[in-house]
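Q: One structure, as C-alpha cells, below. Some questions next.
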Amino acid sequence: MRPIDSLVNALSAARVVTDPDVIDSYARDRTFVEPGKPLGVVLATSRDDVVTTMRWASEHRVPVVPRGSGTGLAGGAVAGDGSIVLSLAKMTAIREISPADEIAVVEPGVITADLDRAAREHGLMYAPDPSSYEISTIGGNLATNAGGLRCVKYGVTRDSALGLEVVLADGRVLDTGRRTMKGVTGYDLTGLFVGSEGTLGVITSATVRLRRAPTVPPATFAAEFGSLRDAGAAVAAIMAAGCQPSLMELLDRTTLQAIDDWRNIGLESTTQAMLIGQSDASDGQAVAERMQRICEDNGASFVAVSSTPAEAEELIGIRRLAYGAKERLGACLVEDVCVPRSALPAMISAIEEAAARHDVLIGTVAHAGDGNLHPVFIFDHGTVEPPANVWAAADEVFTTALRLGGTLTGEHGVGTLKRRWLALEAGPVASEVQRGIKAVFDPLDILNPGKAI
C-alpha cells in the first residue's frame, strides 16, 4: 500500500487527485520554474480536510505545498518531488460581512475581487487591490502580503488582516488576532503569518478589515512623459504636495509598446513613460486636476483627466494589461524591488542602465506612490532557465535597490526565485532568527520547504 493511499482513505478519492496530468496543472505557479513530481493534490473544502492532510503529512514526513489559484510570481507555490499540493481554491465561503464592525470573515479560496464586490453591496470595500485581483485569492494575498494598485493610500494586505485561523504543521488549529481594530495582547502572530508564504502554517480563515467605499466615483488622470525620470519627478512632486492619491502607477516605454502592439492604445512615438493616478476623495475631480497641473509642471507632454467612471476604468485598464502584454513577448522573470519614494528616479535610471549594459529587454511598471517597482526581465519562451545576462541584470537591479535603502521584494514574496539574494538583505542574525521561528512552527520542515527563507 502506498503512503498516499491512507490519505485517500482518510479524505476520499474525490478530495485527493493522483492523476499525473492533473497533478502537473496544480504543481506550477505563473513563473517559468519547472515543478517536481508531487505524490498528489488535496482539494480541500474545509478546515477539517486541511487538518487531516497536515496530520498525515507529519506522520509520514511528506512536504506540503499550500496554494490558492497559482497566480504567484516568485515560485512560492511550485511543488517539489514527493510533495503533496494542498489546494485551498475550493474554500470559497464569505462567512460574514459585518457593516457595523467593518469586517469580513472569509475562507482562503475567496477571489479578491469577489470579496470587494460583496463588501460594496454594504457600502464598504476591501482595499487591497493586486493587479491579479480577478483571479488571485485572499489566502494567496495573505501568504505573500500582496499590495496592489490602491496600496499607496490603503496599505498592503497586512494592514487589512485582523485575525487568522491557521492549521499548523502537526494539524493543530491556531487562532490569531481578533475582530477589533486595536489589540496588543501577546505577540503579533497575525502579522507573523501574513507574508510567510505557507512556511509556518496553512491559513483556513481570515478576519479582514473593510473600509467605507468612496461616496463619489474616483477621478483618474493619465499623463505622458518624454522620459522616465520626468515621470518619477512628477510622482515625487505629487506626493510632496499632499495630494494623497488612491492610486499612482508608472509604466515605461517597453511596457506601453507591448500594450499598444496588443490592444492599440494609440501610443505616441515620443512617449517614454505614462503615469496613471487616481483620487477617491470626496473632491477627487479637483485633486485629479491638481495632479494634472503638477504633471504638466514636471514635463508631461499630455495629460487626460477622466470625466466619467467609464473613462476612469478605461485608463486603469491600461495598467491592468501590463503583465499580459509582456507575457506575449517571451518568458518573464518578474521582480518587485521597493525603494524609498525619494529614490524612485535613481532606481528607474538604474534599471534602464542595467537593461542596456546587459542587453536585456526589461519592461517596468511601478506602484510609484510607494516606491514599489516591477521590472520584468523578458527572454525567449523556449528557454527553461533565464540566460546569464538576465541574471546579471537582475543582480545589478537588486544590489542597487538595497544600496538605495530598499528591499528585494515589496509584495510578491521570496519564493524560490529571490533566495539567491536573501543574504544581501537579511544578514546572518536575521537569517538565524527566521530559521529559529520556522523550527518552532514546523520542526519537521514539511511546510513549503525551500521557500521564503
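The values are calculated or read from the model by the stated rules, or taken from the named source; none is laboratory data. Because the structure is predicted, anything quoted here is derived from the model rather than measured. All Cβ positions, glycine included, derive from the backbone under ideal geometry; neighbour counts span all protein chains shown. Accessible surface is based on the protein model in full, side chains and every heavy atom, while ligands, DNA and RNA are left aside. Shrake-Rupley method; radii C 1.70, N 1.55, O 1.52, S 1.80 Å.
Q: Would you say ALA93 is in contact with a strand residue (DSSP E or B) (Cβ under 6 Å, 6 or more places away or on another chain) and either open to solvent by 20 Å² or more (accessible area, probe 1.4 Å) or more than 14 Å from GLY198 (Cα to Cα) (or both)?
A: No.
Q: State whether one or more residues within region 406-413 are in a helix (DSSP H, G or I) and outside the structural domain of ILE259 (by the TED database).
A: Checked region 406-413: no residue is in a helix (DSSP H, G or I) and outside the structural domain of ILE259 (by the TED database).
Q: Find all pairs meeting these conditions: Cβ atoms under 7 angstrom apart; at least six residues apart or on different chains; first residue within region 266-285 and under 18 Å from ASP252 (Cα atoms) and touching a residue at least 24 places away in the same chain (Cβ under 8 Å); second residue acidic (Asp, Glu) and surrounded by fewer than 24 Cβ atoms within 10 Å (Cβ to Cβ).
A: Short answer, once both residue conditions are applied: GLU268/GLU224; THR271/GLU224; MET274/GLU224.
Q: Kindly indicate which of GLU385, GLU353 is at pLDDT below 90 and either open to solvent by 20 Å² or more (accessible area, probe 1.4 Å) or in a helix (DSSP H, G or I) (or both).
A: GLU385
Q: State yes or no: is VAL78 modelled with pLDDT of 95 or more and in contact with a Pro (Cβ under 8 Å, 6 or more places away or on another chain)?
A: Here the answer is yes, as VAL78 does meet what is asked.
Q: Moving to a separate point now. When you look at ARG293, is it assigned to a helix (DSSP H, G or I) and open to solvent by 20 Å² or more (accessible area, probe 1.4 Å), yes or no?
A: Yes, satisfied.
Q: Tell me which of these THR409 doesn't satisfy, since it passes every other one: (1) open to solvent by less than 30 Å² (accessible area, probe 1.4 Å); (2) within 22 Å of THR157 (Cβ to Cβ); (3) polar (S, T, N, Q).
A: Among (1) open to solvent by less than 30 Å² (accessible area, probe 1.4 Å); (2) within 22 Å of THR157 (Cβ to Cβ); (3) polar (S, T, N, Q), THR409 violates only (1).
Q: Out of the residues in region 1-14 meeting the condition of being of a type outside the set (A, V, I, L, M, F, W, C) and part of a helix (DSSP H, G or I), tell me which one is most open to solvent (accessible area, probe 1.4 Å).
A: ASN9
Q: Sticking with this one: Please go through region 15-29 and give me each residue that is of a type outside the set (Gly, Ala, Ser) and either outside any loop (DSSP other than H, G, I, E, B) or touching a helix residue (DSSP H, G or I) at 6+ places or on another chain (Cβ under 9 Å) (or both), ordered by number.
A: Correct list: ARG15, VAL16, VAL17, THR18, PRO20, ASP21, VAL22, ILE23, ASP24, TYR26.
Q: Of all residues in region 356-382, which are open to solvent by 10 Å² or more (accessible area, probe 1.4 Å) and not in a strand (DSSP E or B)?
A: Result: ALA356, ARG357, HIS358, ASP359, VAL360, ASP370, ASP380, HIS381, GLY382.
Q: Looking at this structure, is GLU102 in contact with a Lys or Arg (Cβ under 9 Å, 6 or more places away or on another chain), crowded, with 24+ Cβ neighbours inside 10 Å, more than 13 Å from GLY198 (Cα to Cα) and in contact (Cβ under 8 Å) with a residue 60 or more places away in the chain?
A: no
Q: Counting only residues that are surrounded by 15 or more Cβ atoms within 10 Å (Cβ to Cβ) and not in a loop (DSSP other than H, G, I, E, B), how many does region 438-453 have?
A: 3
Q: Has region 115-130 got any residue that is out of contact with any Ser or Thr (no Cβ under 7 Å at 6 or more places or on another chain), in a loop (DSSP other than H, G, I, E, B), basic (Lys, Arg) and surrounded by fewer than 24 Cβ atoms within 10 Å (Cβ to Cβ)?
A: No, region 115-130 has no match at all.
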